[in-house]
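Heads up, the thing below is written out as C-alpha cells.
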Amino acid sequence: GPPVRAWLNADASSSFSTQLVVLGVTGPVTFTQTTGAPSLVVSSSGLVTTSGALAPGSYVARGTTSDANGDRGKFFFNLVVRATTTTSTTSTTTTTTAPPITLPAAFVVIGHAVAGKTVPLTITGLGFYGRPKVTSHAGTSVVVTKDTGSALYVRVYVRPGSRNGVFTFTLTFAGGQICRVRYVQRS
C-alpha cells in the first residue's frame, strides 16, 4: 500500500523523498497539500520531500487528492526524524541512533460511523497483525474483518439515537500493546 509513515536519522533528512500512491484509481491523481509545509513538501504528483535538514521530531503532511473523474480523497503522511548523536575520541567516531517508534501505531480512520447502521471502516497504521480487539464508547460494537499490517478493516455498529461527534477507538493487541485513533460519527 501507499506509505503513511517513515523513519530516518536527522543526518539523512535533507535528502529524504518518497512517493505517495492512491490505490484503485486509473489515470493521474493530483495531490493538494493543506498542512505540513514548509518542513514537508508534497508535490502535485504526490512526491514527498523535505525542505532541507530537519531537527529530530515528528512532521506531518496532510491534504486532499483528486482525479479527472471527480473522485476525491485525503492523504496523511508522517515523517519521524530520529536524533543521531556522534561522540569523538582520539581516532574513533561512534554513532548512536535513537530507538524506533513503538509499534503498533494508528494514524487515521477512513470512513465514518453512522448511528443505527453497520458500516465498514478502515483504520490505517503500522504493526496491525493478529486482529486486535477494538473498543469504543458504550453502544458501539466493532468487529475486525481483516488485518494487513498497515490497515485494519472493521465493521462498526452504533446503536440508534447515539449522538454524533468525534470518538476514540482503542486497539488492544495480544501482546498487551494499546494504541488509540480518533473517528467521526455522523448521520
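The values are calculated or read from the model by the stated rules, or taken from the named source; none is laboratory data. Owing to the predicted nature of the structure, the values given are computational and were not obtained by experimental measurement. Every residue, glycine as well, gets a Cβ built from its backbone with ideal geometry; the counts of neighbours run over all protein chains shown. Each accessible area value is taken on the protein alone, full model and side chains, heavy atoms only, with ligands, DNA and RNA left out. Shrake-Rupley method; radii C 1.70, N 1.55, O 1.52, S 1.80 Å.
Side notes on the structure shown:
- A174 meets the conditions (1) of a type in the set (A, V, I, L, M, F, W, C); (2) open to solvent by 30 Å² or more (accessible area, probe 1.4 Å); (3) in a strand (DSSP E or B) in every case but one. The failed one is (3).
- The selection criterion, being assigned to a strand (DSSP E or B), aromatic (F, W, Y) and modelled with pLDDT under 85, does not hold for F31.
- T84 vs. criteria of a type in the set (S, T, N, Q), surrounded by 15 or more Cβ atoms within 10 Å (Cβ to Cβ) and in contact with a Gly (Cβ under 7 Å, 6 or more places away or on another chain): no
- Matching residues, region 99-129, being outside any strand (DSSP E or B), touching a residue at least 24 places away in the same chain (Cβ under 8 Å) and surrounded by fewer than 13 Cβ atoms within 10 Å (Cβ to Cβ): P100, T102, G116, K117
- For region 155-171, taking the residues that are part of a loop (DSSP other than H, G, I, E, B) and among the small types (G, A, S), the one that is most open to solvent (accessible area, probe 1.4 Å) is identified as G161.
- Some residue of region 130-142 being in a strand (DSSP E or B), in contact with a strand residue (DSSP E or B) (Cβ under 8 Å, 6 or more places away or on another chain), surrounded by 12 or more Cβ atoms within 10 Å (Cβ to Cβ) and free of Cβ contacts under 8 Å to residues at least 24 places away in the same chain: yes
- Qualifying positions in region 143-154 - of a type in the set (S, T, N, Q) and surrounded by 13 or more Cβ atoms within 10 Å (Cβ to Cβ): S150
- Condition check for N9: at pLDDT below 90, touching a Lys or Arg at 6+ places or on another chain (Cβ under 7 Å), open to solvent by less than 70 Å² (accessible area, probe 1.4 Å) and farther than 23 Å from A151 by Cα: yes
- Test set (1) small (G, A, S); (2) touching a residue at least 24 places away in the same chain (Cβ under 8 Å); (3) open to solvent by 50 Å² or more (accessible area, probe 1.4 Å); (4) closer than 22 Å to I110 by Cβ - S58 fails condition number: (2)
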